[in-house]
Amino acid sequence: MAREILVLGGGGQVGTELQRQSFGADAVIRAPARDALDITDEAAVARAVAERPWAAVINTAAYTAVDKAESDVAAAWRLNALAPAYLAAETAKAGIPLIHVSTDYVFDGTGAGAYAADAPVRPVSVYGASKAAGEMAVRTGNPRHAILRTAWVVSPHRANFVKTMLRLAGERDKLTVVDDQRGCPTSAGDLAAALVAVALRFAEDTAAPAGTYHCVNAGATTWYDFARAIMAGAAARGARSVPVEPIPSTAFKTPVTRPANSELSTETLTRAFGLTPRPWDAALDDILDQLIGPAANRA
């Protein structure tokens, strides 16, 4: 009998990549569309969880419009905090493991070096606070849980930094990108592969280590240097590339101050699950291959 895994947020970058992953010959992914399952509806969540003996539930759904959340507070909290609480309660009743995706925004970004998974959280935005509350709901609501925090997610799908830089390079003669925010670019495909591995571990092992982990590609960079790498990759593939100029974050007036430091340590993920993320620049190459085509020296 096939093991069935429920994926929430299937239309996003990570959800899309999850549906492209292999869960093995005996596993089946079910990823209902948002209009088919509203996870902010407690009764709907209860029905969905009770519908099948799920091997695991993976929640990638989130309110991710960071600036808009400052004025759309209730909607952000419903999806980022209340929905995970419903999911945790219902999966716990059924003995189903819950794998939940969270964010670097639970930190204020003022720390030095890479944040450990057990570092104290200090969100400074509605988005970050709502995600921290969602973590707490999962952590306290279902003992069989894994929370994977990530950052700077990019892919060939939906809107993200890589696609934005490529689009703007086609419209402008130069790009200006902040150089005082540091973090770990993360492939949605690599994150999805890690979520699969963790979900299957929980499905197969009742003693799988519950907890909070970080999952980002290896290495850290700034948005400015990330943009330069994207332009270099575009040029290597024969696509339009333009110069990138560094600017301070203060040059952009936004409702939310982005974390200056979003670097996350994946040490506990490696120790608990044997997962060692590859470097972000290798992941970027794969994304550019899909968006543009292989580089001349890799064709």
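Just so it is clear, none of the values below were taken in a lab; they were calculated from the coordinates. All figures in this text were calculated on a predicted structure; none of them were measured in a lab. Backbone-built Cβ (ideal geometry, glycine too); neighbour counts: all protein chains shown.
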*List every residue whose amide H lies under 5 Å from the amide H of residue 63, counting only residues 5 or more places away in sequence or on a different chain, with H placed 1.01 Å from N in the peptide plane.*
80
*Taking 0.36 nm per residue of separation and subtracting the Cα-Cα distance, what length does fully extending residue 136 through residue 119 add?*
4.7 nm
*Dipole magnitude of the stretch 155-268 about its Cα centre, charges +1 at Lys/Arg Cβ and -1 at Asp/Glu Cβ only, in debye to the nearest 20?*
540
*Treat each spin label as a single point 7 Å out from the Cα along the C-beta direction, and report the residue 251 to residue 25 distance in nm.*
5.6
*Return the single residue from 248, 32, 84 with maximal mean-square fluctuation; model: Gaussian network over the chain, springs between Cα atoms under 10 Å.*
248
*Stick to Cα atoms and the Kirkwood definition of Rh, then tell me Rg/Rh for the stretch 126-179.*
1.20
_Hz values of 3J(HN,Hα) by residue in the stretch 261-266 - Karplus curve (6.51, -1.76, 1.60), Gly and Pro given as x_ = 10, 10, 6, 10, 7, 9
*Ratio of Rg to Rh over the stretch 65-134 (Cα coordinates, Kirkwood Rh, two decimals)*: 1.03
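Given the rule -39500 (n - 2.57) for each run of at least 4 DSSP H residues, summed and divided by the residues of the chain, what is its mean residue ellipticity at 222 nm, to the nearest 500 deg cm²/dmol? Don't skip to the end; give the middle numbers.
Numbers: 10 runs with 108 residues, N = 299.
The per-residue figure over the chain is -11000 deg cm²/dmol.
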*Highest GNM mean-square fluctuation, the chain, Cα pairs closer than 10 Å: which of 188, 132, 44?*
44
*First check a/c for the stretch 191-299, with a ≥ b ≥ c the square roots of the eigenvalues of its C-alpha gyration tensor; if it is under 1.5, answer rounded, and if not, answer prolate when a/b is larger than b/c or oblate otherwise.*
oblate
*Only bridges with both residues in the stretch 163-272 count here: give the DSSP antiparallel percent, nearest 5.*
25
*Each residue of the stretch 98-115 in order: what ³J(HN,Hα) in whole Hz does its phi give by Karplus 6.51 cos²θ - 1.76 cosθ + 1.60, θ = phi - 60°, with x for Gly and Pro?*
10, 10, 10, 9, 10, 9, 5, 5, 6, 9, 8, x, 9, x, 9, x, 7, 6
_Cα extents of the stretch 41-197 along the three principal axes, largest first (Å)_ = 56, 32, 31
*asked:* Give the lysines whose C-alpha is closer than 25 Å to that of residue 93, dropping any in the same chain fewer than 8 places away, or say none.
replied: 131
*Which residue, chosen from 106, 266, 18, occupies the Cα position most advanced towards the positive end of the dipole of the chain, where the dipole is computed from +1 (Lys, Arg) and -1 (Asp, Glu) charges on Cβ about the Cα centre?*
18
*Relative to a virtual label point 7 Å from the Cα of residue 205 in the Cα→beta-carbon direction, which members of the stretch 21-59 show backbone nitrogen distances below 17 Å?*
56
_Whole-Hz ³J(HN,Hα) from phi, Karplus 6.51 cos²θ - 1.76 cosθ + 1.60, for the stretch 195-205, glycine and proline x_ = 4, 4, 4, 5, 4, 5, 4, 5, 5, 9, 10
*Principal axis dimensions, largest first and in whole angstrom, of the chain by Cα*: 56, 43, 38
*Between the stretch 113-148 and the stretch 238-267, what's the alpha-carbon centroid distance in Å?*
23
*residue 75 paired with residue 161, simple spin-label distance in nm, labels 7 Å along Cα-to-beta-carbon*: 2.5
